[in-house]
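Engineer: Below: one structure in structure tokens.
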Amino acid sequence: MKLLIAIPAYNEEQSIEPIIQRSLAAREYITGTSPVDEVEIAVVSDGSTDRTLEIASAHSHEIKVIGFERNRGYGAAIQEAWKQSDADLLGFLDADGTCDPRFFATLCRA
């Protein structure tokens, strides 16, 4: 079973790097403690005018990066990440880092 972690981001240049790193680090925990055997991470820069897209793109070899030219909204960002994925499950995190990506293991066990 595959989990997509979608991270909508609008002008989050200060926090996008840490949440990407935390999500990448959570992959092993999620796959080791839940029925999920693969975790895909997608950052959607929702029309950001700062360096969010540039910073996220530095990780394009590890995650999917999607950039909207103009702001389309949180829901549209999640929908686009889901549309471009073949994952079985969808989870999403705010780019500001307030949520722990490891918690997806608990949700997937439920």
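Engineer: Can you say whether residue 107 is in contact with a helix residue (DSSP H, G or I) (Cβ under 8 Å, 6 or more places away or on another chain), open to solvent by 20 Å² or more (accessible area, probe 1.4 Å), farther than 20 Å from residue 14 by Cα and not β-branched (Val, Ile, Thr), as far as the supplied structure shows?
Structural biologist: So residue 107 fails the test.
Engineer: Looking at segment 8-20, I want the residues that are in contact (Cβ under 8 Å) with a residue 60 or more places away in the chain and open to solvent by 10 Å² or more (accessible area, probe 1.4 Å) and have a partner that is of a type in the set (A, V, I, L, M, F, W, C) and in a loop (DSSP other than H, G, I, E, B) with Cβ atoms under 6 Å, at least 6 apart or on another chain. Which pairs are those?
Structural biologist: Between residues of segment 8-20 that are in contact (Cβ under 8 Å) with a residue 60 or more places away in the chain and open to solvent by 10 Å² or more (accessible area, probe 1.4 Å) and residues that are of a type in the set (A, V, I, L, M, F, W, C) and in a loop (DSSP other than H, G, I, E, B), the close pairs are 12/95; 15/95.
Engineer: Filter segment 19-67 down to residues that are in a loop (DSSP other than H, G, I, E, B) and either in contact with a strand residue (DSSP E or B) (Cβ under 6 Å, 6 or more places away or on another chain) or of a type in the set (Lys, Arg) (or both), then give me how many there are. Can you show your working first?
Structural biologist: We begin by selecting, within segment 19-67, every residue in a loop (DSSP other than H, G, I, E, B); these are 34-37, 47-51, 58-63.
Imposing the further condition that a residue be either in contact with a strand residue (DSSP E or B) (Cβ under 6 Å, 6 or more places away or on another chain) or of a type in the set (Lys, Arg) (or both) reduces the set to 36, 47, 51, 63.
Qualifying residue count, segment 19-67: 4.
Engineer: Select from segment 73-88 the residues that are over 13 Å from the mean Cα position of the chain (by Cα) and either part of a loop (DSSP other than H, G, I, E, B) or surrounded by 16 or more Cβ atoms within 10 Å (Cβ to Cβ) (or both) and list them in ascending order.
Structural biologist: Within segment 73-88, the first condition is being over 13 Å from the mean Cα position of the chain (by Cα), and the residues that meet it are 73, 75-76, 83, 86, 88.
Passing the criteria: 73, 86, 88.
Engineer: Another question, if that's okay. Residues in segment 1-55 that are closer than 18 Å to residue 105 by Cβ and of a type in the set (S, T, N, Q): how many?
Structural biologist: 5
Every residue, every condition in (1) small (Gly, Ala, Ser); (2) within 16 Å of residue 5 (Cβ to Cβ); (3) modelled with pLDDT under 95, yes or no:
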{"residue": "39", "(1), (2), (3)": "no, yes, no"}
{"residue": "44", "(1), (2), (3)": "no, yes, no"}
{"residue": "47", "(1), (2), (3)": "yes, no, no"}
{"residue": "66", "(1), (2), (3)": "no, yes, no"}
{"residue": "91", "(1), (2), (3)": "yes, yes, no"}
{"residue": "97", "(1), (2), (3)": "yes, yes, yes"}
{"residue": "103", "(1), (2), (3)": "no, yes, no"}
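Engineer: Among (1) open to solvent by 40 Å² or more (accessible area, probe 1.4 Å); (2) closer than 18 Å to residue 23 by Cα; (3) not in a helix (DSSP H, G or I), where does residue 70 come up short?
Structural biologist: Exception for residue 70: condition (2).
Engineer: Going by what's in this entry, would residue 56 be described as closer than 18 Å to residue 3 by Cβ and under 11 Å from the mean Cα position of the chain (by Cα)? Lay out the reasoning, then the answer.
Structural biologist: Values: closer than 18 Å to residue 3 by Cβ: no; under 11 Å from the mean Cα position of the chain (by Cα): yes.
So residue 56 does not fit the description; no.
Engineer: Looking at (1) in contact with a His (Cβ under 9 Å, 6 or more places away or on another chain); (2) free of Cβ contacts under 8 Å to residues at least 40 places away in the same chain, which is the only condition residue 51 fails?
Structural biologist: All conditions are met except number (1).
Engineer: Given the conditions (1) surrounded by 15 or more Cβ atoms within 10 Å (Cβ to Cβ); (2) within 12 Å of the chain's Cα centre (by Cα), which single one is not true for residue 94?
Structural biologist: Unmet for residue 94, out of (1) surrounded by 15 or more Cβ atoms within 10 Å (Cβ to Cβ); (2) within 12 Å of the chain's Cα centre (by Cα): (1).
Engineer: Does segment 39-47 include one or more residues that are open to solvent by 90 Å² or more (accessible area, probe 1.4 Å) and in contact with a Leu (Cβ under 9 Å, 6 or more places away or on another chain)? Before the answer, list the steps.
Structural biologist: Step one: list which residues in segment 39-47 are open to solvent by 90 Å² or more (accessible area, probe 1.4 Å), which gives none.
There is no residue in segment 39-47 that is open to solvent by 90 Å² or more (accessible area, probe 1.4 Å) and in contact with a Leu (Cβ under 9 Å, 6 or more places away or on another chain).
The values are calculated or read from the model by the stated rules, or taken from the named source; none is laboratory data. Since we're looking at a predicted model, the values are computed, not measured. Don't worry about glycine lacking a Cβ; one is built from the backbone with ideal geometry, like all the others, and counts go over all protein chains shown. In case anyone asks, the SASA skips ligands and DNA or RNA and just uses the protein heavy atoms, side chains included. Shrake-Rupley method; radii C 1.70, N 1.55, O 1.52, S 1.80 Å.
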